[in-house]
Amino acid sequence: MYCVGGAPGNKKMNDHSVSYHVIVMELSDEAAELTEVVLYSHGCLGLEEESTGAGKVRLKTWFDDKEPLSQFVATLSRLLPQAENLHGTTISLADIRFQAQTFEPIELVPGVWIVPPDDMPTETKVASGQKIVIRPGAAFGTGRHESTQLAAEMIQNICRGEHKVRPYGLLDIGTGSGILAIHARKLGIPRVETVEIDELAQINARENFELNGYGDLSLASDLSQVQGPFDVIVANILTPTIMHLKETMKGLLKANGTLILAGITDTEGGEIEEAFRDFELRERTQKKEWVCYAYRSI
């Protein structure tokens, strides 16, 4: 996750007053996808989706506590008239740090599975394929989201030569739980560096790096701490943040390097394509309403 201005990453790790709004709502299956787009566009840090049967799902979402809870819930209620039983609470970093629940294995890309650690048993066992071990954080991903899958597939395509690039260095901006960075290392990219401004996500990412044997992975709290250039930069973040960071990313990218952009809805694609006309578009992929771009610097 990577946010601009007033981001939770600006809070102090040892300050147990650091808090987040947790918003819960119920929706029909048909309404869930569009609702998730709206939530992410309004600063959602992460979400969990649980089927409740009879064509219904429950969404549990996390937001920074930049405004009073009652005001924030009222705003979301106006934005999401399709949501039922929308309510929220505010909890502290100390409360949520150890609340993560297990999940069933998820296939990130064909043959690559996201699995919980051994102390979080599941009903499904992955007998073959590569495994990325992720301890789920309170608000950060386990590979279910389409934008993460699209970005992972694009990284894999690059490593397999479809873009005629043999990357040595990759920068993952907004690493969250660290899935894409771990995926890149497992694909054989020697130098992988990450940036994450949210301190709760930093805790989660560092543990996941250790769980996969990559405790040496670099984790910066701001792009100003990163030294380029990189063969590949991946930014699976919100579209406004991509736009804000464009020139910074361009400065960190090698000549003829590849820039992977995800976290973009299909309705935002035109804005991205216009803004990145000074790059060469190599590939565009889509899952449901989410799109991913691979650009080459020129």
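Hey, any hits in the stretch 265-285 for a residue that's of a type in the set (Gly, Ala, Ser), assigned to a strand (DSSP E or B) and within 19 Å of the chain's Cα centre (by Cα)?
Applying the first criterion (of a type in the set (Gly, Ala, Ser)) to the stretch 265-285 yields 269-270, 275.
Narrowing further to those that are assigned to a strand (DSSP E or B): none.
No: the stretch 265-285 contains no residue that is of a type in the set (Gly, Ala, Ser), assigned to a strand (DSSP E or B) and within 19 Å of the chain's Cα centre (by Cα).
Got a sec? Which strands (runs of 3 or more DSSP E) wholly within the stretch 166-244 have at least 2 residues that are buried (at least 20 other Cβ atoms within 10 Å of the Cβ) and not small (Gly, Ala, Ser)?
Qualifying strands (runs of 3 or more DSSP E): 169-173, 191-195, 230-236.
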| query | When both residues are 6+ apart or on different chains and their Cβ atoms are under 6 Å apart, which pairs have a first residue that lies in the stretch 214-234 and is farther than 17 Å from PRO190 by Cα, and a second that is among the polar types (S, T, N, Q)? | reply | LEU223/THR248
| Odd one out for THR52 among (1) modelled with pLDDT of 80 or more; (2) touching a Leu at 6+ places or on another chain (Cβ under 7 Å) | (2)
| For the stretch 48-65, how many residues are within 20 Å of the chain's Cα centre (by Cα), outside any loop (DSSP other than H, G, I, E, B) and not basic (Lys, Arg)? | 8
| task | Report whether or not GLN82 is modelled with pLDDT of 85 or more and part of a helix (DSSP H, G or I). | result | no
| Within the stretch 141-196, can you find the residues that are charged (D, E, K, R) and more than 19 Å from LEU47 (Cα to Cα)? | GLU153, ARG160, GLU162, LYS164, ARG166, ASP172, ARG185, LYS186, ARG191, GLU193
| Does ILE260 qualify as being outside the structural domain of VAL37 (by TED's automatic domain parsing), among the hydrophobic types (A, V, I, L, M, F, W, C), modelled with pLDDT under 95 and assigned to a strand (DSSP E or B)? | no
| Restricting to the stretch 221-245, what's the tally of residues that are under 17 Å from LEU261 (Cβ atoms) and under 18 Å from the mean Cα position of the chain (by Cα)? | 15
| message | Can you find a residue that is of a type in the set (Lys, Arg), surrounded by 13 or more Cβ atoms within 10 Å (Cβ to Cβ) and either in contact with a Lys or Arg (Cβ under 9 Å, 6 or more places away or on another chain) or assigned to a strand (DSSP E or B) (or both) anywhere in the stretch 134-144? | response | no
| query | Only one of (1) in contact (Cβ under 8 Å) with a residue 40 or more places away in the chain; (2) under 21 Å from ILE242 (Cα atoms); (3) in contact with a Ser or Thr (Cβ under 6 Å, 6 or more places away or on another chain); (4) not hydroxyl-bearing (Ser, Thr, Tyr) is not met by LEU180, so which one is it? | reply | (3)
| request: Identify the residue in the stretch 253-291 that is over 14 Å from THR148 (Cβ atoms) and of a type in the set (A, V, I, L, M) and, among all such residues, is surrounded by the fewest Cβ atoms within 10 Å (Cβ to Cβ). | output: ALA255
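The values are calculated or read from the model by the stated rules, or taken from the named source; none is laboratory data. From a predicted model like this one, the values you see are computed outputs, not experimental measurements. In this analysis, Cβ positions are derived from the backbone assuming ideal geometry, glycine residues included, and neighbour counts consider all displayed protein chains.
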